[in-house]
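One structure below.
The values are calculated or read from the model by the stated rules, or taken from the named source; none is laboratory data. Model, not experiment: these values are computed from the prediction. Methodologically, a virtual Cβ is constructed for each residue, glycine included, from the backbone with ideal geometry; neighbour enumeration extends over all protein chains shown.
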Amino acid sequence: MNVLHRVGRWIGEHLVLAAGVLVLVYMFVPIAVVMLMSFNDNSKSRNVYAFRDFTWHNWANVCQPDGMCEAVLRSVVIGLSATLVATILGTLAAFALVRHRFLGRSSMNTIIFLPMASPEIVMGSSLLALFVSAGFGGRLGMVTIFIAHVMFCLSFVIVTVKARLAGLDGNLEEAAMDLYASESTTFWRVTFPLVFPGIAAAALLSFSLSFDDFIITNLNAGQTVTFPMYVWGVAQRGIPMQVNVIGTIMFLVALAIVVGNMLATRRKQPA
Amino acid sequence: MSLAADRTDTTARPAEGPRDLRLAALTKEFATFTAVRSLDLTVPAGTFFALLGPSGCGKTTTLRMVAGLETPTSGTIHLGDRDITWEKPYRRPVNTVFQNYALFPHLDIHENVAFGLRRRGVKDVDQQVQEMLELVELESQARKKPPQMSGGQQQRVALARALINRPEVLLLDEPLGALDLKLRRSMQIEIKRIQEEVGLTFVHVTHDQEEAMTMADTIAVMNGGVIEQMGSPTELYENPQTTFVANFLGQSNLIAGTVASAEGDVVRVDMHGTQVSIPVDRAHTRTGAGWVGIRPEKVLVAPAGEPIDAPGNHMTGGVVTDVSFVGVSTQYLVRMPWGQELMAFEQNTGRRKILRHGAEVDVSWRPEFAFLLPADQDVRAGAFEED
Amino acid sequence: MRRGRFTGYWLMLPAALWLGVFFVIPFYSLLATSLYDPEGSVLTGYDVTWHVANFADALREHADELWRSLWYAGVATVICAVLGYVLAYAIAFKAGRWRNVMLVLVIAPFFTSFLVRTLSWKLILADDGFVVDFLQTLHLMGEDDRLLATPVAVIAGLVYNFLPFMVLPLYASLEKIDVRLIEAAGDLYASPARGFWKVTLPLSMPGLVAGTLLTFIPSAGDYINAQLLGSTNQRMVGNVIQDLFTNTGDYATAGALSVTLMVIIVAMVVLYIRKAGTEELL
């Protein structure tokens, strides 16, 4: 009985963790494959889905495939501008929702939730319907993509900043005012520095959402090609290995930012 | 950033000579209840003043109005001759030690303490911060961030951050509530010492009666938005004027009785067949029914028939129903013939054996220790602190 | 900080306008589109003719894809819930000091292109890929059986893509559970399994509900997995809508299908939340 019990307990302790790690592995297999394929030399083969030989060629000649780097650049430009606008508007809105009472505040909270709960295909086609009925059907491009991206990033920014702001101890601002800081000094010396990590996280999230979006973008892009649309286009005929290089770079940059941030906060608060 | 505006502000500087803090008819109503009801209060300059009461009695609201973090519904707050009722918090020579300390998590200890001075554009900030950190014995921790410090250390930082500004009035909002008992005791003595050293007016809000009695020169007991009684710790303890004070500050036996006569400097009360006498300055009613109050440590117990060394009110027929030995003293519950159980605390001097459960005893106390309260007051008020 | 009665309105205004014009109004445009005269085209323009028959047409022609979308999304959500729960539970209660590392690893795939990762699945599941080889060696698959272009591939892709959306809310609610509650259950004679069933699971319900919604909704509208990993036999409603809008130009039917999908999802979500008793989520 005792032995059985202990075996059962051991399994309970470690099986769950092992299963969890297996799930993580499942999540990482495709990324590992992407990394591996970025070193694949498939110049002698028409089959793009098998690893032939190791080469640095893809990394050394990233921009070789026609139009790919232009598409990446376009995605970066859209990502940065949509992030900038969505982060500013979203932060202002988060302050309004947490710090102020106004008419329609609760319906605003619901409307913010909806874009996150709607299928992208529906949002994308709605926006297309609007553009077409407003006579912009023939002028789809960077501007309409930008508009769409700000729209779906806004909700995520508002929710992220709101959470940070709501978790802020109101006593800190009172303490600042008690210590001779005027309203504006209190904001810039205490409120803003404390909310900033939330704003930064929101911006990072915005950029990756924007950079990666395909469904909504594809419906509203017209002839403009973003990086995901480029990948979609070439997927039918066989993708150049350089796409994997871009995927790997994105992953490493994001990982560096997240890990760097984690280490920075840990150094600040080892307790 | 309007740093420039802050710098030109001279009103935050302490005035020449200390000034009294006066609250007049101060009232604060919230949407659903009145937190503070027409409060009149004067805190003499340089004293350690405690606002004591159960949670929700309005003490914190009063403090926040003095700090400027809450605006009164009506009434005024004066510092000497200066009306500060409507002053912004950052224009008052008043600083607060917050309940949860409210230390800025993004600034280190040095910068937390320097915050007020920097806002006021004071020179040689670093020097002053250094001295202040020495006062609270944290000079070696200056570059740590608040989350890296223990509760007691954070508490001292909060104190230093407020004190360095030399405010005319320092407000302390339950500053020791989060600390464990031993640390709390030593911090109480520490804060009292600092107050005597710097000579500023301290207003301390707490629900802990022992803390208030240890630290304060004057205590105001608050209940339901009004002050029940104000005075020195001894006055409040020895001569409470309401059942609330009698029960909230320490413990009391309250026994129903009827005033038989009130002549000269003594009021005589008939208490379940026994006549007890109460000095007139401790009798807070002169006619009709009342509560005779006596503190448990003033009640003497002896086995039935044996002499009790207290010439005074003497009652027989008690039975010990509970004995709790707590080290320094033994606490008895004695059932009296009229059914009530009286508390009696006896110092463990070793002069006599501890009484057993069920022992028949006589009970007595000196008349000058008893007090008389009006019968219309709730006998249980303040007895159970829901915290 | 609460100066000015109108400050709140001014702060809210830009975001509210953006969402109003580019999120709320488009729904009306979509509704209008779904009632277009189907004879119109991008060139000749469209008229709202209250052509309700668009819906009947759309449903008659594309009921299969619609049904398949809900079915695939449902299966993917259930698998995600199981896998996601195991992972979230492991991170919250078993990971110890590896907790943060594991969390970062959950978020990390977010930052790598969705499409590139899905294409990588195509490679993994390819006919001469190692998964198929392995299964064929074990005789779990016949020599000519494929993984690509099957419902299995599409659902695996959906599970893979939306798993983080399940793990994160689940972790958030598991992490909040006071371990002492689980210990108390054990102290009160509950076996570990019963303790989990009666204490841990109910307390993690908000996370589970949020996770299933965040997985089901995007899965039902997805067409990337069906396109890249499936064949014409695995087409989902998203493929149809996308195709009708961008290739065929049949805005009326596409609009009607979009509206239908949205209505079905909203109805299911409302029913589900009622049933799960977590209205406070909304």
Among the residues listed as B:V157, B:V169, B:V226, the single one being among the β-branched types (V, I, T), within 14 Å of chain A (Cβ to nearest Cβ) and touching a Lys or Arg at 6+ places or on another chain (Cβ under 9 Å): B:V169
Flag if B:A102 is within 14 Å of chain A (Cβ to nearest Cβ) and surrounded by 19 or more Cβ atoms within 10 Å (Cβ to Cβ): yes
Single unsatisfied condition, C:V167 versus (1) modelled with pLDDT under 90; (2) surrounded by 24 or more Cβ atoms within 10 Å (Cβ to Cβ); (3) within 12 Å of chain A (Cβ to nearest Cβ): (1)
Residue count for region C:235-270, restricted to those that are in a helix (DSSP H, G or I) and more than 14 Å from C:H62 (Cβ to Cβ): 11
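Suppose the filter is in contact with a Ser or Thr (Cβ under 7 Å, 6 or more places away or on another chain) and within 11 Å of chain C (Cβ to nearest Cβ); does A:A163 pass it?
Working: in contact with a Ser or Thr (Cβ under 7 Å, 6 or more places away or on another chain): no; within 11 Å of chain C (Cβ to nearest Cβ): yes.
In short, no.
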Failed item, numbered, when A:R237 is tested on (1) charged (D, E, K, R); (2) surrounded by 21 or more Cβ atoms within 10 Å (Cβ to Cβ); (3) part of a loop (DSSP other than H, G, I, E, B): (2)
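Answer yes if at least one residue in region A:69-81 is over 30 Å from A:N40 (Cβ atoms) and either basic (K, R) or in contact with a Phe, Trp or Tyr (Cβ under 9 Å, 6 or more places away or on another chain) (or both), and no otherwise. Can you show your working first?
First pass over region A:69-81, keeping only residues over 30 Å from A:N40 (Cβ atoms): A:80-81.
Keeping just the survivors that are either basic (K, R) or in contact with a Phe, Trp or Tyr (Cβ under 9 Å, 6 or more places away or on another chain) (or both) gives A:80-81.
The answer is yes; a qualifying residue exists.
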Residue under evaluation B:S55, criteria (1) assigned to a strand (DSSP E or B); (2) in contact (Cβ under 8 Å) with a residue 60 or more places away in the chain; (3) among the hydroxyl-bearing types (S, T, Y), criterion not met: (1)
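Going residue by residue through region A:139-147, is there one that turns out to be of a type in the set (A, V, I, L, M, F, W, C), more than 17 Å from A:L219 (Cβ to Cβ), assigned to a helix (DSSP H, G or I) and more than 9 Å from chain C (Cβ to nearest Cβ)?
Looking for residues that are of a type in the set (A, V, I, L, M, F, W, C), more than 17 Å from A:L219 (Cβ to Cβ), assigned to a helix (DSSP H, G or I) and more than 9 Å from chain C (Cβ to nearest Cβ), one finds none in region A:139-147, hence no.
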Any hit, region B:115-125, residues being over 17 Å from the mean Cα position of the chain (by Cα), away from every other protein chain (no Cβ under 14 Å), among the charged types (D, E, K, R) and on the phi > 0 side of the Ramachandran plot: yes
Pairs where the first residue, in region B:350-363, is closer than 21 Å to B:G312 by Cα and the second is loosely packed, with under 11 Cβ neighbours inside 10 Å and of a type in the set (D, E), C-beta under 8 Å, 6+ apart: B:D362/B:E306
Evaluation of A:V21 against (1) more than 21 Å from C:L123 (Cβ to Cβ); (2) loosely packed, with under 15 Cβ neighbours inside 10 Å; (3) modelled with pLDDT of 85 or more (one fails), failing number: (2)
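If a residue must be in contact with a Lys or Arg (Cβ under 6 Å, 6 or more places away or on another chain), over 16 Å from B:R351 (Cβ atoms) and not hydroxyl-bearing (S, T, Y), how many such residues does region B:297-335 contain? Quick ask: steps written out before the conclusion?
Going through region B:297-335, the residues in contact with a Lys or Arg (Cβ under 6 Å, 6 or more places away or on another chain) turn out to be B:310, B:312, B:319, B:321.
So of that shortlist, the ones also over 16 Å from B:R351 (Cβ atoms) come out as B:312, B:319, B:321.
Now drop any that are not not hydroxyl-bearing (S, T, Y), which leaves B:312, B:319.
Number satisfying all stated conditions: 2.
Of C:A88, C:A92, C:A73, C:A81, which residue is more than 15 Å from C:L170 (Cα to Cα), in a helix (DSSP H, G or I) and modelled with pLDDT of 85 or more? Reasoning before the result, please.
Values: C:A88 fails: more than 15 Å from C:L170 (Cα to Cα); C:A92 fails: more than 15 Å from C:L170 (Cα to Cα); C:A81 fails: more than 15 Å from C:L170 (Cα to Cα).
Exactly one of C:A88, C:A92, C:A73, C:A81 is more than 15 Å from C:L170 (Cα to Cα), in a helix (DSSP H, G or I) and modelled with pLDDT of 85 or more, namely C:A73.
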Yes/no for A:S81 being more than 26 Å from A:V231 (Cα to Cα) and either more than 10 Å from chain C (Cβ to nearest Cβ) or modelled with pLDDT of 95 or more (or both): no
Among the candidates A:L84, A:L73, A:L80, residue that is in the same structural domain as A:F192 (by TED's automatic domain parsing), exposed (fewer than 14 other Cβ atoms within 10 Å of the Cβ) and either of a type in the set (K, R) or over 30 Å from C:I79 (Cα atoms) (or both): A:L73
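Taking only region C:21-58 into account, find how many residues are modelled with pLDDT under 75 and facing another protein chain (nearest Cβ under 7 Å).
Start the filter on region C:21-58 by keeping residues that are modelled with pLDDT under 75, which leaves C:37-51.
Going one step further and asking which of them are facing another protein chain (nearest Cβ under 7 Å), we end up with C:42.
Looking only at that region, the number is 1.
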Tabulated pairs, region C:138-157, first surrounded by 19 or more Cβ atoms within 10 Å (Cβ to Cβ), second in a loop (DSSP other than H, G, I, E, B), C-beta under 6 angstrom, 6+ apart or interchain: C:L147/C:L125; C:L148/C:L125; C:A153/C:L125; C:A153/C:L147; C:V154/C:G230
Residue match in region C:99-114 (condition: basic (K, R), at the interface with chain A (Cβ under 7 Å from one of its Cβ atoms) and surrounded by fewer than 21 Cβ atoms within 10 Å (Cβ to Cβ)): no
Set B:L183, B:L179: member being over 25 Å from B:V43 (Cα atoms), part of a loop (DSSP other than H, G, I, E, B) and touching a helix residue (DSSP H, G or I) at 6+ places or on another chain (Cβ under 6 Å): B:L179
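Would a scan of region B:74-82 turn up a residue that is more than 23 Å from the chain's Cα centre (by Cα), crowded, with 22+ Cβ neighbours inside 10 Å and of a type in the set (G, A, S)? I'd like the intermediate steps shown before the answer.
Residues of region B:74-82 that are more than 23 Å from the chain's Cα centre (by Cα), as a first pass: B:74-76, B:80-82.
Those left that are additionally crowded, with 22+ Cβ neighbours inside 10 Å: none.
No.
Scan the strands (runs of 3 or more DSSP E) fully inside region B:205-311 and keep the ones with 2 or more residues being assigned by TED's automatic domain parsing to the domain that holds B:L171 and among the aliphatic types (A, V, I, L, M).
Qualifying strands (runs of 3 or more DSSP E): B:218-223, B:226-231.
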Qualifying residue in region B:256-263 (condition: surrounded by fewer than 16 Cβ atoms within 10 Å (Cβ to Cβ), over 15 Å from the mean Cα position of the chain (by Cα) and of a type in the set (S, T, Y)): yes
Odd one out for C:V132 among (1) surrounded by 17 or more Cβ atoms within 10 Å (Cβ to Cβ); (2) at pLDDT 85 or above; (3) within 30 Å of A:R52 (Cα to Cα): (2)
Unmet requirement for A:L194, which otherwise passes all of (1) more than 20 Å from the chain's Cα centre (by Cα); (2) more than 9 Å from every other protein chain (Cβ to nearest Cβ); (3) assigned to a helix (DSSP H, G or I): (2)
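Conditions tested, residue by residue: (1) touching a strand residue (DSSP E or B) at 6+ places or on another chain (Cβ under 7 Å); (2) within 20 Å of B:H357 (Cα to Cα).
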site	(1), (2)
B:T243	yes, no
B:Q251	yes, no
B:T258	yes, no
B:V266	yes, no
B:V276	yes, no
B:D281	no, no
B:G288	yes, no
B:A302	yes, yes
Test set (1) closer than 30 Å to A:S106 by Cβ; (2) in a helix (DSSP H, G or I) - A:V258 fails condition number: (1)
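Does any residue of region B:367-385 turn out to be of a type in the set (V, I, T) and either in a helix (DSSP H, G or I) or over 22 Å from B:N239 (Cβ atoms) (or both)?
Residues of region B:367-385 that are of a type in the set (V, I, T), as a first pass: B:379.
Narrowing further to those that are either in a helix (DSSP H, G or I) or over 22 Å from B:N239 (Cβ atoms) (or both): none.
No; the residues of region B:367-385 include none that is of a type in the set (V, I, T) and either in a helix (DSSP H, G or I) or over 22 Å from B:N239 (Cβ atoms) (or both).
Only one residue in C:L181, C:L203, C:L147, C:L174 is within 14 Å of chain A (Cβ to nearest Cβ), over 19 Å from the mean Cα position of the chain (by Cα) and over 30 Å from A:N244 (Cβ atoms). Which one? Full working, then the answer.
Values: C:L181 fails: within 14 Å of chain A (Cβ to nearest Cβ); C:L203 fails: within 14 Å of chain A (Cβ to nearest Cβ); C:L147 fails: over 30 Å from A:N244 (Cβ atoms).
Of the residues listed, the single one that is within 14 Å of chain A (Cβ to nearest Cβ), over 19 Å from the mean Cα position of the chain (by Cα) and over 30 Å from A:N244 (Cβ atoms) is C:L174.
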